[in-house]
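K.L.:
First the structure, which I've put down as structure tokens, then a few questions once you've had a look.
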Amino acid sequence: MKKLLSTMAVLVALSAQAQQFEVVSMQRLKAGTQAENFHPVFTPDGNSLIVTSEEFNGIGIIDLQSKDFTRLTDMAGAGYKVAISEDGKKILAHEIDGMSQTASLYSIDIASKEITPIVKDVEHFNNVNVLNGAAVFAVEGRAMVRQVAGKVLSPKAVTVSNSGPFVTEEDLKLVVYNNGKRTVVDPFSTPDYDAQYCWSSVSPDGTKLLFVSGNNAFVTDLNGNNAVDLGPLHAPKWRGNDYVVAMLDDDDGYFYTSSEIVIIGADGKNMQQLTTTSKEIKMFPSVSNAGDKIAYHTIEGNIYVMTIKQK
């Protein structure tokens, strides 16, 4: 009940704030009867969505112009934290082996559907970053770099020592890898409280962390300092370096009872509800690289794409 009252208070406060963004259009995708109608992720050009099942099994792609759907793989866990090469040609996808409790990482060519292994049967890895055509990730506490795309943005090859900052979660702790240096970031733990973290990411300019701890989302610097509390938000995503898009949701302890998509400044100010309040449970937003589109799915498996404009 406390969480419900807190979220209701946030929604009431939103109605009194100045609106910084205009929702220009809202479109529901009708992409057929396939199961992959959840967890949409924009391709770098913003013209397509990578989608998966509710349980992250399999991957498909929806062309936002033609609305055509193409299934790319049925691998278990493939839709979990997908990454896409900057040229939009390769998808980096997990495969989860439930029997051995191991994970593998594959590169999937969107045009040919060719699947190439990058690393196989490791105990754990989580977030995958893409930099200049290379996959950057961590396995068992060690940063790794693997070239995955033929087209690169500069002649400089990506190595562990110049891969820049990325964040992942290991044993529910934030771990930042910066040019090969591993740092555990744990801003909220005390001798009496073991904080846990999820939904972590680094801002596009590489200077800030975004994550959820407890019931709230936070922004900090790369060392976990100068924490800004964004409020009771989940599944947060960066919109550029200055805004965060997330879901503001409630549950009864078993099921979601409501959820709306909101945007808030990375300084914790000027939260605005983007979706219209309704009985639909709106979840897990994705933001296009240009910041002009937001996609999300509903609990029934409907995908919506909204176009927004900053005033």
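K.L.:
Express in nm, to one decimal, how much length is gained between residue 161 and residue 310 on full extension, taking 0.36 nm for each residue of separation and deducting their alpha carbon distance.
P.N.:
49.9 nm
K.L.:
Here's something else I'd like to know. Going by how many other beta carbons lie within 10 Å of each one, how would you line up 142, 239, 71, fewest first?
P.N.:
Ordered from fewest to most neighbouring Cβ atoms within 10 Å, 142, 239, 71 come out as 142, 71, 239.
K.L.:
Determine, from the Cβ-Cβ distance of residue 254 and residue 120 and an R0 of 45 Å, the FRET efficiency 1/(1 + (r/R0)^6), rounded to the nearest 0.05.
P.N.:
0.75
K.L.:
Skipping prolines and chain starts, which residues have an amide H placed within reach, meaning under 5 Å, of the one on residue 251, given they are 5 or more residues away or on another chain?
P.N.:
HN-HN under 5 Å from residue 251: 257.
K.L.:
Moving on. Find how much the distance from residue 20 to residue 267 grows on full extension, using 0.36 nm per residue of separation minus their present alpha carbon separation; answer in nm with one decimal.
P.N.:
87.5 nm
K.L.:
At a Cα cut-off below 19 Å, give the aspartates and glutamates reachable from residue 208, other chains included and same-chain residues fewer than 8 away excluded.
P.N.:
169, 170, 186, 221, 229, 242, 267
K.L.:
Considering only 42, 98, 82, whose Cα is most displaced toward the positive end of the charge dipole of the stretch 22-103, charges sitting on Cβ of Lys, Arg (+1) and Asp, Glu (-1)?
P.N.:
Value computed over the given set: 42.
K.L.:
By count of other Cβ within 10 Å, fewest leading, how are 174, 92 ordered?
P.N.:
In order of increasing Cβ crowding within 10 Å: 92, 174.
K.L.:
Got a sec to turn the phi values of the stretch 118-123 into Karplus ³J(HN,Hα) couplings, 6.51 cos²θ - 1.76 cosθ + 1.60 with θ = phi - 60°, whole Hz, x for Gly and Pro?
P.N.:
Per residue, the Karplus-derived 3J(HN,Hα) values read 10, 8, 10, 6, 9, 5 Hz.
K.L.:
What does the extension gain come out to for residue 299 and residue 171, with contour length at 0.36 nm per residue minus their alpha carbon separation?
P.N.:
In short, 43.3 nm is gained.
K.L.:
For the stretch 181-284, which semi-axes, largest first and in whole Å, follow from the square roots of 5 times the eigenvalues of its Cα gyration tensor?
P.N.:
Values for the stretch 181-284, descending: 25, 18, 10 Å.
K.L.:
Here's another thing I want to ask about it. May I ask you to sort 245, 119 by Cβ crowding, counting other Cβ atoms within 10 Å and putting the fewest first?
P.N.:
Ranking 245, 119 by Cβ neighbours within 10 Å, fewest first, gives 119, 245.
K.L.:
Here is a follow-up. Below 8 Å between Cα atoms, with a sequence gap of 6+, how large is the relative contact order for the stretch 59-123 in percent?
P.N.:
The value is 22 percent.
K.L.:
Run the helix sum for the chain: -39,500 (n - 2.57) per DSSP H stretch of 4+ residues, divided by residue count, reported at 222 nm to the nearest 500 deg cm²/dmol.
P.N.:
-1500 deg cm²/dmol
K.L.:
So if we plug the beta-carbon distance of residue 28 and residue 207 into 1/(1 + (r/R0)^6) with R0 = 41 Å, what FRET efficiency do we get, rounded to 0.05?
P.N.:
Between residue 28 and residue 207 the formula returns 0.70.
Where a number appears in this text, it was derived from the coordinates with a stated rule and is not lab data. Computed from a prediction, not measured in an experiment: that's the story for all the values here. Quick reminder, even Gly has a Cβ in these numbers, built from the backbone with ideal geometry, and neighbours come from all protein chains shown.
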